[in-house]
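The values are calculated or read from the model by the stated rules, or taken from the named source; none is laboratory data. Since the structure is predicted, the reported quantities are computational estimates derived from the model, not experimental observations. As a convention, Cβ positions derive from the backbone with ideal geometry for all residues, glycine included, and neighbour counts pool all protein chains shown.
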């Protein structure tokens, strides 16, 4: 199983060091992917721009949006072009993880009707597939062929159908190994029923903080980012990996549940967190 790491692009106070130096550290340490979260109404860095900066200072590590809220990008042709550009510049390292999203304030700020997000998403998937296949004269061409690597998130059957029709795999946006184990069979069954060969790639994210103030850091950052979620925010905080035992338990548990990659998202922008996590996961 691969082990990726998130960029701290959604941690308050993020600056150039938290992207550029973090990316360099992550690649040198051996992580499989650099990943971003996505919000509009929050002081985070925009995902595609942050990954472009990371791409410029790395050569091997994958560049993953986990996930990007696709319906907020109303100009689908421009969105497809931006993704293909990063994919080309990074020589095929772009992995586009996308989903429908659901925070009303993000959609309001973007001028998008939140109740139409599923229909918008389906139309985008059709249009981007056509663009990346070279059917619309909108370039550049994806580095490896007909499209960049694509993951789709969501826990409803419709999401699994989208995975089987358009994508390389599915990404789970939070939840523990038990939840992954319950869901993976449905993803795989839908994939097989659609006539797809092989198996879908399974990716899962979780949060981490390490060091003397790990629990306080996780509570502060996740409480801020998920403050809109009410009592559910505390469940996310409680699920953060804040010591060696929890991190190793998550790695073993997610691998046993069928994950191909687990991505640890940071709650601190200090690049030292990269080395602390690497020591536990690769040491």
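Assuming residue 231 fulfils every condition listed in (1) buried (at least 17 other Cβ atoms within 10 Å of the Cβ); (2) modelled with pLDDT under 95; (3) more than 21 Å from the chain's Cα centre (by Cα) apart from one, which condition is it?
Here residue 231 meets the rest and fails (1).
Exactly one of (1) within 16 Å of residue 147 (Cβ to Cβ); (2) without any contact (Cβ under 8 Å) to a residue 40 or more places away in the chain; (3) out of contact with any helix residue (DSSP H, G or I) (no Cβ under 6 Å at 6 or more places or on another chain) is unmet by residue 68. Its number?
Here residue 68 meets the rest and fails (3).
From the set of residues in segment 224-245 that are touching a residue at least 24 places away in the same chain (Cβ under 8 Å) and assigned to a helix (DSSP H, G or I), which is nearest to residue 9 (Cα to Cα)? Explain how you work it out, then say what you get.
Taking segment 224-245 first, the residues touching a residue at least 24 places away in the same chain (Cβ under 8 Å) are 224-225, 228, 236, 239-244.
From what's left, assigned to a helix (DSSP H, G or I): 224-225, 228, 236, 244.
Numbers: 224: 14, 225: 12, 228: 19, 236: 18, 244: 24 Å.
Here the residue is 225.
Could you list all residues from segment 45-61 that are under 16 Å from residue 14 (Cα atoms) and crowded, with 20+ Cβ neighbours inside 10 Å?
Matches in segment 45-61: 45, 47, 48, 50, 51, 54.
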